[in-house]
Every structure is written in structure tokens, then in C-alpha cells.
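All remarks here apply to the structure that follows.
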Amino acid sequence: MFCSYITDKIRVPQITKYPDNSEYVLGSSVTLTCKAQGNPSPDNSADQTINKYVWTLKAKSEENATELVSVNGQLNLTNLEESNGGLYTCTAFNGFNGKLFNKSTDEELQIGITKFSR
């Protein structure tokens, strides 16, 4: 029996937010969800060292990004503080048979004391 597995490079992930704002007040919460398509899917539980999502935050005052803990591409941020503001990047990875692919997308969050006016 011959089993074939066709790999498909990962596509640029999409980020959704709930609630869908870019500016949040102190103490509020937001859930960032990252989803990408590829074969195998980044959601593939067979090998989560390769097929996975990785979230990072680059705060405005920092030079380096910090890796954050997420589950299957979902990042829950609660009791937001000003230090939670910055550039969030989701990178989706997939791979098979020694080949690894990744694509990233960014989302900027601003955290403030009161609601922002435009």
C-alpha cells in the first residue's frame, strides 16, 4: 500500500478579534484568533512542533518581540494594561517530510485609560 501526502505551503493567516477594535481601555479583554490554510493545516495535531501558530508581541518601547502563550492560534488577553499595547504578530507554520513553511501577519493594539476619540 502506497500512501501519498501532498504538501501545500501555508497561506497568509487571517487575524480576527473579539471585540473587533484596535483601541481598548485599561482592564478590558480581547481574544485574537489566527487561522491559515495549508496542507497540513497549522491546526494539525499530528506534529505540533512543526504545524502550529506562534504569537509574538513587540511593545513600542521594546526592540525584541516576546513569544506569547496561545492555544491553536487563539490568544486571550485579559485585564489589559498599557504594556499590552503594541504589534502582535501571528506566524502560521506547516511542514512535512523535512520541509517547513511559514507566513505571518500583524495586528496593532492600543491600550488607553479612557475610550479613544477620533
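Here are a few things to note about the model shown:
- Comparing Glu81, Glu63, Glu108 in a Gaussian network model of the chain, where Cα atoms under 10 Å apart are tied by springs, the biggest mean-square fluctuation is seen for Glu63.
- Based on Cα contacts under 8 Å between residues 6+ apart, the range 33-114 shows a relative contact order of 30 percent.
- Between Thr31 and Thr105, the contour length at 0.36 nm per residue exceeds the Cα-Cα span by 25.1 nm.
- Rounded percent of accessible protein surface that carbon and sulfur make up, the chain, 1.4 Å probe: 48
- Selected from Gln74, Gln37, Gln48 as most flexible by GNM, with the chain as the system and alpha-carbon contacts under 10 Å: Gln48
- The chain, accessible area per residue, ligands and nucleic acids excluded (1.4 Å, Å²): 66
- Ellipsoid semi-axes for the chain, based on the Cα gyration tensor and the rule √(5λ), read 33, 13, 11 Å when sorted largest first.
- Computed accessible area, Phe93, all protein chains, 1.4 angstrom probe, square angstrom: 40
- Proximal lysines relative to Lys52, as straight alpha-carbon distance under 27 Å, when same-chain residues fewer than 8 apart are discounted: Lys9, Lys17, Lys35, Lys60, Lys99, Lys103
- Top of Val71, Val30, Val54 by mean-square fluctuation, Gaussian network on the chain, Cα under 10 Å: Val71
The values are calculated or read from the model by the stated rules, or taken from the named source; none is laboratory data. The model shown is predicted, which means the values in this text are computed figures rather than measured ones. To get the accessible areas, we keep the full protein, side chains included, count just its heavy atoms, and leave off ligands, DNA and RNA. Shrake-Rupley method; radii C 1.70, N 1.55, O 1.52, S 1.80 Å.
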